1. When residue 136 is evaluated against the numbered criteria (1) more than 17 Å from residue 62 (Cβ to Cβ); (2) in contact with a helix residue (DSSP H, G or I) (Cβ under 8 Å, 6 or more places away or on another chain); (3) not acidic (Asp, Glu), which criterion, by number, is the only one it fails?
2. Scan the stretch 75-98 for residues that are among the β-branched types (Val, Ile, Thr) and either modelled with pLDDT of 90 or more or under 28 Å from residue 58 (Cβ atoms) (or both) and jot them down.
3. Taking residue 15, is it β-branched (Val, Ile, Thr) and at pLDDT below 85?
4. Using the structure shown, decide if residue 30 is at pLDDT 75 or above and closer than 21 Å to residue 143 by Cβ.
5. Determine if the stretch 78-88 includes at least one residue that is hydroxyl-bearing (Ser, Thr, Tyr) and closer than 19 Å to residue 121 by Cβ.
6. Looking at the stretch 128-182, which of the residues that are modelled with pLDDT under 80 and among the polar types (S, T, N, Q) is surrounded by the fewest Cβ atoms within 10 Å (Cβ to Cβ)?
7. From 147, 103, grab the single residue that is assigned to a helix (DSSP H, G or I), in contact with a helix residue (DSSP H, G or I) (Cβ under 9 Å, 6 or more places away or on another chain) and β-branched (Val, Ile, Thr).
8. Identify all residues within the stretch 138-168 that are under 21 Å from residue 35 (Cα atoms) and either in contact (Cβ under 8 Å) with a residue 12 or more places away in the chain or of a type in the set (A, V, I, L, M) (or both); write none if there are none.
Amino acid sequence: MKRNLILALLALALTIPAFAQKGCPECKEKERKAAQMKMMKMKRATFTQNLKLSEEESEKFWPLYEQYNDEINSVIEKQHSMMSKFHEKDLLSIDEESALMIIKQNSIAEKELAEIKIRYYEKFLEVLPAQKVAKLIKEEKQIMHKIRKRDRQEAKPKEQIQKKLQLLQAKLLKMLLQQVISE
């Protein structure tokens, strides 16, 4: 009986990290949408303040910007979806054809992003003066830089937690094995 309990605990110890690493897809989707909404609020506040948009400019600009943002996010999501199929370590071991496919799809996505930007910059120029569109481009780059920096900082604690979890798993596994051996 005691041995069965130890084996059950051992099996549980081996599965905990798998659950901790993956997370639920619905949770990730909710987190992604929440992050997009948070980013849009931040952009609205920053752009309205720093671009000094008038009421009339805001009424014309924001619907266009939201369309622009949706199109950009759609392409980026496709890129992430494609790349998430391959883990970083797998990229060095995939076949030539798959690697070329990744390169081609990434190039297509980057071209789409550039085309979207060009198309919308022209639309923005119809409702805003060129100085404000130039400022918009600069502000957007700064926001993205801040987000990437924040994401890197947030990733460090997650990595530390993952390492601690692995160490705890190893200790638990060692203790359980010692119990089984001593019986």
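The values are calculated or read from the model by the stated rules, or taken from the named source; none is laboratory data. The structure displayed is predicted, hence computed values, not measured ones. Glycine also receives a Cβ, built like all others from the backbone with ideal geometry; neighbour counts cover every protein chain displayed.
1. Result: residue 136 passes all but (1).
2. Here is the first cut: in the stretch 75-98, the ones among the β-branched types (Val, Ile, Thr) are 75-76, 94.
Once the filter is applied, which keeps residues that are among the β-branched types (Val, Ile, Thr) and either modelled with pLDDT of 90 or more or under 28 Å from residue 58 (Cβ atoms) (or both), the stretch 75-98 yields 75, 76.
3. Working: β-branched (Val, Ile, Thr): yes; at pLDDT below 85: yes.
It is true that residue 15 is β-branched (Val, Ile, Thr) and at pLDDT below 85.
4. On the way: at pLDDT 75 or above: yes; closer than 21 Å to residue 143 by Cβ: no.
So residue 30 fails the test.
5. Let us first name the residues in the stretch 78-88 that are hydroxyl-bearing (Ser, Thr, Tyr), namely 81, 84.
Keeping just the survivors that are closer than 19 Å to residue 121 by Cβ gives none.
Within the stretch 78-88, not a single residue is hydroxyl-bearing (Ser, Thr, Tyr) and closer than 19 Å to residue 121 by Cβ.
6. Here the residue is 182.
7. Numbers: 103 fails: in contact with a helix residue (DSSP H, G or I) (Cβ under 9 Å, 6 or more places away or on another chain).
After applying the criteria, what remains is 147.
8. Within the stretch 138-168, 139, 140, 143, 144, 147, 155 meet the criteria.
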